[in-house]
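Just so you know, all these numbers are worked out from the coordinates, no wet-lab data involved. Just so you know, these numbers come straight off a predicted model, no measurement behind them. Neighbour counts run over all protein chains shown; Cβ positions are idealised from the backbone, glycine included.
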Amino acid sequence: MPLFKGLGVPMDKEKIIMHVRGILEAIGEDPDREGLRDTPARVAGMYQEVFASIHLSNEEIARQLDVTFVDELELEEMHEDLVLMKDIGFFSYCEHHIALMYNMKATVAYVPKSKVIGLSKVARAVDMVGKRLQLQERIGSDIAHVLSLILDTEDVAVVVEAEHSCMTTRGIRKPGTRTLTTTFRGRFKTDPDLKNKFYALYK
Ligand SMILES: [Zn+2]
């Protein structure tokens, strides 16, 4: 799964407004009726928020979050230990339909090498990766990439669970269908004991 490359350009709010108005016309609506008059501007404002990371690369996200704390005394003991953060809630939009992916949860684990990171920073990384047009598989690999850059370790595991509104509200229409994707890197890929330990904690 190729990683996301940031575009480096800010969003064009006026262009979004113009095109949302065009979509309203194209679906047979009257963009000037009272309920819709402010909709293009509202959608543009929402896009600025929910797609706030489109212009950022994974490296830039890692740089923004790179505040780690290391406790020299504890680090020796924790060296072989697994750090796992479970059920971090977030959302994203699928790039195939620009449709919401919801009830999303990420579980993240790593083996600390020289750095550890607080839950709020991990949650922030997950949140930022979600604020792009995404694929569920790429969300997992992007989160793993950002964390491996911040933590300076390849030993990272990410499980993402989600419901996709493009599947639950249209097409096959199976509400409640959850998609689960896993990303295992470094020793999580090569060491079955570590992987088993992860699954035991994940359950
Ligand atoms: Zn979709």
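Can you work out ³J(HN,Hα) from phi for every residue in segment 170-182, in order, using Karplus 6.51 cos²θ - 1.76 cosθ + 1.60 and θ = phi - 60°, giving whole Hz and x for Gly and Pro?
Whole-Hz 3J(HN,Hα) from phi for segment 170-182: 8, x, 6, 6, 10, x, x, 5, 10, 9, 10, 10, 10.
Could I have the simple spin-label model distance between ASP81 and THR182, label points 7 Å from Cα toward Cβ, reported in nm to one decimal?
2.4 nm
Using +1 at the Cβ of each Lys and Arg and -1 at the Cβ of each Asp and Glu in segment 92-175, identify which of CYS94, SER148, THR169 lies farthest towards the dipole's positive end.
So the residue furthest toward the plus end is THR169.
What is the mean projected area of the alpha carbon convex hull for the chain, to one decimal in square nanometres? Don't skip to the end; give the middle numbers.
Details: hull surface 52.5 nm².
Mean projected area for the chain: 13.1 nm², to one decimal.
Any lysines with Cα under 24 Å of the LYS197 Cα? List them, leaving off those in the same chain fewer than 8 positions away.
In chain and number order, the partners are LYS86, LYS105, LYS113, LYS115, LYS121, LYS189.
Kindly write out, for segment 193-203 in residue order, the coupling ³J(HN,Hα) from the Karplus curve 6.51 cos²θ - 1.76 cosθ + 1.60 (θ = phi - 60°), rounded to whole Hz, with x marking Gly and Pro.
Using θ = phi - 60°, the values come out as 4, 5, 5, 4, 4, 4, 5, 4, 7, 6, 3 Hz.
222 nm [θ] for the chain, helices only, -39500 (n - 2.57) per DSSP H run of 4+, per residue, to 500?
-12500 deg cm²/dmol
Which of the trypsin sites (Lys or Arg not before Pro) found in segment 5-62 are loop residues per DSSP with 16 or fewer other Cβ atoms within 10 Å of their Cβ?
Numbers: sites: LYS5, LYS13, LYS15, ARG21, ARG33, ARG37, ARG42; in loops: LYS5, ARG33, ARG37.
Hits after loop and neighbour filter: LYS5, ARG33, ARG37.
Step through the residues of segment 133-144 one at a time and calculate ³J(HN,Hα) from phi using the Karplus curve (6.51 cos²θ - 1.76 cosθ + 1.60, θ = phi - 60°), rounding each to whole Hz and writing x for Gly and Pro.
With the stated coefficients, segment 133-144 comes to 6, 10, 10, 4, 4, 6, 4, x, 6, 5, 4, 4 Hz.
To make sure I understand, if each residue's beta carbon is the centre and we count other beta carbons within 10 Å, what order do HIS164, HIS19 fall in, fewest to most? Before the final figure, lay out the partial values.
Values: HIS164 23, HIS19 15.
Exposure proxy ranking, most exposed first: HIS19, HIS164.
Neighbour counts of other C-beta atoms within 10 Å: give me TYR110, TYR93 arranged from fewest to most.
Fewest-to-most Cβ neighbours within 10 Å comes out as TYR93, TYR110.
Please check: in the Gaussian network model of the chain (C-alpha springs, under 10 Å), which one of ALA41, ALA162, ALA144 has the largest mean-square fluctuation.
ALA41
What are the residues whose amide H is under 5 Å from the amide H of ASP155, where those residues sit 5 or more places off or on another chain and H is modelled from the backbone?
VAL111, ARG187
Could you rank the peptides 190-197, 112-119 by their average count of other C-beta atoms within 10 Å per residue, with the highest value first?
On the way: 190-197: 13.2, 112-119: 15.6.
Peptide ranking by packing, descending: 112-119, 190-197.
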